[in-house]
Amino acid sequence: METYYSILPLAAVLVSLLAAGLITLSGRRPNIRESWTLLAGVVKFGIVLAMLPSVLQGRFPEITLFAISQGISLVLRADTLGIIFALSASFLWILASCFSIGYERGLSDHKQTRYFSSFAICLSATIGIAFSANLLTFVIFYEILTIATYPLVIHKETKEAIAAGRKYLVYLLTGGVALLAALALTFHTAGGTDFKAGGFLTMEAGTGMLMALFILFLVGFGMKAAVMPLHSWLPSAMAAPTPVSALLHAVAVVKAGVFGFARAFGFVMGPALLGEIGALNITAGLAGATIIIASLLAFSQDNLKKRLAYSTIGHLSYIVLGVAILSPQAWSGGLMHIVNHAAMKITLFFCAGAIYVTTHREKVSELNGIGRRMPFTMGAFALAAIGLAGIPPVGGFVSKWYLALGALDAGQTVYTVILLVSGLLNAGYLLSVVGRAFFMKSDNFTKFGEASLWMLVPLVITAVLSVLLGLFPDRFFHLYSLSAEVARSVFGGGL
Amino acid sequence: MKRNLKIFFAASFVILVLLDLLLGGEAHGLMGVHFPGLFSLFGLVSCLIIILASKWLGHYWLQRKEDYYRGKERDD
Amino acid sequence: MINFPPAVIFILGALLLPLLPGRVRSLAFLAVPLLTFWLLLQMESGTTLTVSFLNYDLILARVDRLSLVFGYVFTLMALLGGIYGYHLKDARQQVASLVYAGSALGVAFAGDLITLLLFWELLAVSSVVLIWARQTPQSWNAAMRYLMVHVFGGSVLLLGILWQYKTTGSLLFNHFEPGLASYLILFGFMLNAAVPPLHAWLPDAYPEGTVTGSVFLSAFTTKVAVYALARSFGGFEILVWAGAIMALYGVVFAVLENDIRRLLAYHIISQVGYMVAAVGIGTEMAINGATAHAFAHILYKGLLFMGAGAVLYATGKSKLTELGGLAKAMPLILALYMVGAFSISGFPLFSGFVSKSMVIYAADLDHRSIIALMLSIASVGTFLHTGLKLPYFTWFGPQRDLKPAPIPKNMYVGMALTAAACFAIGVYPNLLYNLLPFPVHYEPYTASHLLETSQLLIFTGLGFWILLKKLGGEKTITLDTDWFYRRPAGLAYEFLVARPSRAFGAVEKLSLRLVSSLAQASANPTGYLLEVRGVLRTYFFGSVSTRRTREPRIFNPHRYRWPLGTMTMVVLLAFVILMLLIIWQIISNAG
């Protein structure tokens, strides 16, 4: 690992923080306020993109913020794993911001300034998580993310939203406590918390300590990653406005959780070590159960966003499964799914939001025949749904292929079967919505048309992106090469 | 109409058997067996068996009322 | 030489189609197969087109005689179907039909398993649209079942492909050796080929398709599977028996059918049985037979569905118990339908005569008399239903006072052209034989064959006439293997979805309440504890006392709050102690 000093990782984090301030100041001029968001999004993405070439060459930009003492420092580093997450989050933020503008204005929503500035802070925290070079920095940004998302969860300020927000905090902050404990234990065991490909803990620490650490990480990250039984906050959090659910609960917050798993399993403890203490099997088992149960529960949800929430829970466990199987292919698949799922799921949430703004419908059973009036929206929905079911040529197939292959390689065929069953279930609960929208007769929607362009364009872009990720997985930000490289470094170092 | 059909069947049987005798020298037949008029018999018998056997199968086992599945399926 | 996957032309066409105005669309639809024909004529046997995808090599166009012959017939059927459906205004169906036909071509020319899988899944996804588009509640349910079954089949296929890759490292789509991987892939292929017991989706879904959609449905999915079987499972013994049983199975179930399109669907199963058995036999003559029969079948089955579709279009009905007496009103449709019926029954001068018998002959050559016998019996049944029963009860039989609507001219044209093709192949078999993968050493027009066929057909007619009264439709449905997943569907939903959902919902409510209690407790610990004390008191000691000194109904938390200063002091103190501990740790670690 070769690093060099660069201010870019810090810049990437600070851009939106600065924007948050500017947004708060321009509260009275909505157009200027929104342009700060968009500008910050583009600049942030640009900065992250600028770091991509050197990361691809194996040279990681790094900057130390504070060094308190030996082993305790705040360091930002853009490495292969981090840049995957950062690229997807920052790119999708731009689209989510456009969508938010359409959504908020379409609903003439209240407290828009609080909304946009909180969003910006969340993205700062997300990039901070992505570029954390050690566990301490990671945990700090992780907690900031939890707190920064709270105003967005309770945005509607209804009883339901506030209850959901309370539940959200309790769950996630509890996870945070577990992480703090894990942090302290790690530091105590290893004297430092710097991420190292393949893990920096060894069997010297003793199985008991390692098991304790594993459980703490499992709880800490499992909360955000919605691994059952710690998942319950996610469906409740659907009380948030749809763009919040779209970006934060499909791309940022939950992906921070699975990202945490990747860091813990690949850069703190190492797959071989975890395999030895039996932790991989536990994690894989929980992930597998989550995948199936979540997919089954999704069928019973008539509320579209709740259905998507359970779908998200299932797919997050795809990624957790990927890092819990002793195979580089599975890792590749899991990491690619971080991006593939983000693109597909955000499309679905965008569609749900567009439908809500235009027709105020939230339930699947009310969507009969809507495809006639909103063909682009439902067309995008169909594409994303096909992808989540793992059907080629949409991106979900590629990650599923590698995950399944990895499971086979590691001799854990049961997970391959679980993935295939999940694909079948996904097809059932998502494509039935498409069928309803396009092929059930109804006169309910004759006075509606497509949502505004601010909402329509982003969702078409993400749908097309999902297909492109399936046809040309490596053309876009070298997703495949990056994932394979992470897998290689994690296994090369550990095994 | 009925009489005409009877005549038609009888006549064609006779003609075909004759032709079979004359021309059907190296015919492969069924399961090694061949005699003039084999396929006429085969056609008739198989037809009757198919109809009767299938109807029996249907009436004693497989046929149900048209709305058999209604109420047992979910409209999702 | 141009080597371009023909599937791409269809898919690009499908993407462009919705952008065109209504009138131009049907025309553009026809342009696609015509363009593809031209492309097929340019393609050279033995060439391939490879692209790289991640770290795999995808062979998008593998051209040889087997793929070309299927390529031709798929393209031809797309054209004929497009003419038949020229009057359609529904862009969804037109786009789906193009993607469907294109995916069939994609499989036919696929050289590796990933490409195969891609187009295989697209087949399922595009064809379900043709069922959904009927827009009745029945067809909606049938479409969902169809989709689920095919995604399931695709999943098993994917598992097989993954296993194949893992065990052999190869993704080439060629002949497979027996093994777990190939059996999984075989399962996937057999499902699409509608081999019992994996067949129930076909009679379930095909009658629920649209008038024009079912024509496409009947042509592609199963024949694509036949191609796939011929390519990679030639000579697998199990297929011989599966095929022969299939041939009889379809015929038996067809006797019991009331819906004319479902009857034809069961006959698809029967005819595909011939092809599957022939693939199993595996000799050159047999593969030729399977291919020839597939070619002929696509055309005449399309024609039969066109005819039945026309009846459905004109009368809105498709049940034998509701049809009858249409001969006066729809004579031309009857005539064109009968061309299809003669073809499927193997009448001399029509296409079935030169293709079906090749299969039976191949069975004979391979010393498989029982198989030949079974296939011959199935022939009897085929003529019985398709050539006698269906047309009799639809066009003749009891008068039902139906007033059929006029049928668009293009449907006549489509049917006529297809009929002409069936006739042409029957009269001049070399048209077809020259396309077959292996050199043909078979002469269909021999005296003995003609005699045999005539006897068979005429005396089947006698049997029909004798039992005519028993053959009318009955207002019933027939249970098939789909019973296994339809009957328990409600139960499965209850136990796998509804109950866990209620359980999880209860847990969620509980967690919400716990969280809310936690919030109350942490906001005002003393007050909360007092309230708990009050509740416990009421539980254990009963609420006898009604004294006013009990907690007021409106709970006033401020009475029990600790002063702000005290709380602040406590928190600060705790924080300072914690900080001191941490700093002490750091110092002792560093020192």
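The values are calculated or read from the model by the stated rules, or taken from the named source; none is laboratory data. Quantities reported herein were computed from a predicted structural model and do not represent experimental measurements. Please note: Cβ atoms are built from the backbone with ideal geometry, for glycine as well, and neighbour counts cover all protein chains shown.
Quick notes on this one:
Results for (1) modelled with pLDDT under 95; (2) surrounded by fewer than 24 Cβ atoms within 10 Å (Cβ to Cβ); (3) within 17 Å of residue C:374 (Cα to Cα); (4) β-branched (Val, Ile, Thr), shown as yes or no for each residue.
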position: C:249; (1), (2), (3), (4): yes, yes, yes, no
position: C:253; (1), (2), (3), (4): yes, no, yes, no
position: C:260; (1), (2), (3), (4): yes, no, no, yes
position: C:272; (1), (2), (3), (4): no, no, yes, yes
position: C:282; (1), (2), (3), (4): yes, yes, no, no
position: C:309; (1), (2), (3), (4): yes, no, no, no
position: C:314; (1), (2), (3), (4): yes, yes, no, no
position: C:318; (1), (2), (3), (4): yes, yes, no, no
position: C:321; (1), (2), (3), (4): yes, yes, no, yes
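- Checking C:545, C:511, C:517 one by one, the residue that is at pLDDT below 85, facing another protein chain (nearest Cβ under 7 Å) and over 30 Å from residue C:380 (Cα atoms) is C:511 and no other.
- Verdict on residue A:389 being under 20 Å from residue A:310 (Cα atoms), facing chain C (nearest Cβ under 9 Å) and surrounded by 24 or more Cβ atoms within 10 Å (Cβ to Cβ): yes
- Only one of A:17, A:22 that is part of a helix (DSSP H, G or I), touching a residue at least 40 places away in the same chain (Cβ under 8 Å) and aliphatic (A, V, I, L, M): A:17
- Output for region C:362-376, where each listed residue is among the aliphatic types (A, V, I, L, M), at the interface with another protein chain (Cβ under 10 Å from one of its Cβ atoms) and either over 10 Å from residue C:283 (Cβ atoms) or buried (at least 21 other Cβ atoms within 10 Å of the Cβ) (or both): C:370, C:372, C:373
- Evaluating residue C:67 against the criteria (1) over 23 Å from residue C:170 (Cα atoms); (2) part of a helix (DSSP H, G or I) leaves one unmet condition, (1).
- Residue, surrounded by the fewest Cβ atoms within 10 Å (Cβ to Cβ), within region A:322-369, restricted to residues that are aromatic (Phe, Trp, Tyr) and closer than 30 Å to residue A:80 by Cβ: A:349
- If you go through region A:394-433 and pick out every residue that is more than 7 Å from chain C (Cβ to nearest Cβ) and either touching a residue at least 40 places away in the same chain (Cβ under 8 Å) or not in a helix (DSSP H, G or I) (or both), you end up with 26.
- Meets criteria (modelled with pLDDT of 90 or more, touching a Gly at 6+ places or on another chain (Cβ under 8 Å) and either part of a helix (DSSP H, G or I) or not charged (D, E, K, R) (or both)) for residue C:413: no
- When the residues of region C:208-239 are filtered to those that are surrounded by 24 or more Cβ atoms within 10 Å (Cβ to Cβ) and out of contact with any Leu (no Cβ under 9 Å at 6 or more places or on another chain), the one that is farthest from residue C:64 (Cα to Cα) is C:208.
- Filtered by the rule that a residue be surrounded by fewer than 20 Cβ atoms within 10 Å (Cβ to Cβ) and either more than 14 Å from chain C (Cβ to nearest Cβ) or closer than 23 Å to residue A:336 by Cβ (or both), region A:67-93 gives a lone residue, A:74.
- Of the residues examined, residue C:506 is one that is within 27 Å of residue A:310 (Cβ to Cβ) and assigned to a helix (DSSP H, G or I).
- Each residue in region C:433-488 was checked for being more than 7 Å from chain B (Cβ to nearest Cβ), in contact (Cβ under 8 Å) with a residue 24 or more places away in the chain and among the polar types (S, T, N, Q), and 2 pass.
- Considering residues of region A:277-321 that are more than 13 Å from chain C (Cβ to nearest Cβ) and over 21 Å from residue A:219 (Cβ atoms) only, the residue surrounded by the fewest Cβ atoms within 10 Å (Cβ to Cβ): A:305
- Residues of region C:475-491 that are assigned to a helix (DSSP H, G or I) and surrounded by fewer than 14 Cβ atoms within 10 Å (Cβ to Cβ): C:484, C:491.
- Filter pass, residue B:29 being modelled with pLDDT under 75 and more than 8 Å from chain C (Cβ to nearest Cβ): yes
- Residues in region A:434-460 that are part of a loop (DSSP other than H, G, I, E, B) and in contact (Cβ under 8 Å) with a residue 12 or more places away in the chain: A:440, A:441, A:442, A:443, A:444, A:445, A:446, A:448, A:449, A:450, A:451, A:452.
- Restricting region C:82-104 to residues that are out of contact with any Ser or Thr (no Cβ under 7 Å at 6 or more places or on another chain) and not small (Gly, Ala, Ser), the residue that is surrounded by the fewest Cβ atoms within 10 Å (Cβ to Cβ) is C:89.
- Taken over region C:102-130, the criterion of being under 28 Å from residue C:415 (Cβ atoms) and over 13 Å from the mean Cα position of the chain (by Cα) is satisfied by C:102, C:105, C:106, C:107, C:108.
- Search result, residues across region C:161-190 that are hydrophobic (A, V, I, L, M, F, W, C) and in contact with a Phe, Trp or Tyr (Cβ under 8 Å, 6 or more places away or on another chain): C:162, C:171, C:176, C:180, C:181, C:184, C:185, C:186, C:189
- If you go through region A:138-181 and pick out every residue that is surrounded by fewer than 24 Cβ atoms within 10 Å (Cβ to Cβ) and among the hydroxyl-bearing types (Ser, Thr, Tyr), you end up with 5.
- Selected residue (only one of A:464, A:433, A:414, A:398 is in contact with a Pro (Cβ under 7 Å, 6 or more places away or on another chain) and either surrounded by 20 or more Cβ atoms within 10 Å (Cβ to Cβ) or not hydroxyl-bearing (Ser, Thr, Tyr) (or both)): A:398
- Considered as a group, the residues in region B:43-67 that are under 8 Å from the mean Cα position of the chain (by Cα) and at the interface with chain C (Cβ under 7 Å from one of its Cβ atoms) include one that is surrounded by the most Cβ atoms within 10 Å (Cβ to Cβ), and that residue is B:43.
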